[in-house]
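> Sharing a structure below in structure tokens format, with a few things to ask.
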């Protein structure tokens, strides 16, 4: 989507009701540093955002705050949610750089 936005091309997206759990790389970096500093026991952990973001909300925000608009072609209106497995969360870690404004800024760059 970012590449097509920069080149002013139309992006095809599977559904208007697509919901994603997005994390910024900086939050993943913070989690890895926390694991190394606190000597957390090896186990299966999950890094996830507390909120899922709708793709249409992200696109609307980009189109509102930028002079160039994202061109979208929707394939359907079915509801799609990604499956998140149940694993332990890392103690004392929360995503700080993964709100919707950060995601919009990343795409607009």
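> Considering only region 52-64, state which residues are in contact (Cβ under 8 Å) with a residue 40 or more places away in the chain and exposed (fewer than 15 other Cβ atoms within 10 Å of the Cβ).
First pass over region 52-64, keeping only residues in contact (Cβ under 8 Å) with a residue 40 or more places away in the chain: 53, 55-58, 61-62.
57, the sole residue that qualifies.
> With the requirement that a residue be over 16 Å from the mean Cα position of the chain (by Cα), closer than 20 Å to residue 100 by Cα and touching a residue at least 24 places away in the same chain (Cβ under 8 Å), what does region 1-13 give you?
The answer is 4, 5, 11.
> Continuing with the same structure: Residue by residue through region 14-44, note down the ones that are over 12 Å from the mean Cα position of the chain (by Cα), under 25 Å from residue 87 (Cβ atoms) and either crowded, with 16+ Cβ neighbours inside 10 Å or without any contact (Cβ under 8 Å) to a residue 12 or more places away in the chain (or both).
Matches in region 14-44: 29, 30, 31, 32, 33, 36, 37, 39, 40, 41, 42.
> Another question, then. Please specify each residue of region 49-76 satisfying the condition of being farther than 23 Å from residue 7 by Cβ and in contact with a strand residue (DSSP E or B) (Cβ under 8 Å, 6 or more places away or on another chain).
52, 53, 54
Read the figures in this text as sums done on the coordinates, not as results from a lab. What you see is a predicted model; the values in this text were computed from it and never measured. Glycine also receives a Cβ, built like all others from the backbone with ideal geometry; neighbour counts cover every protein chain displayed.
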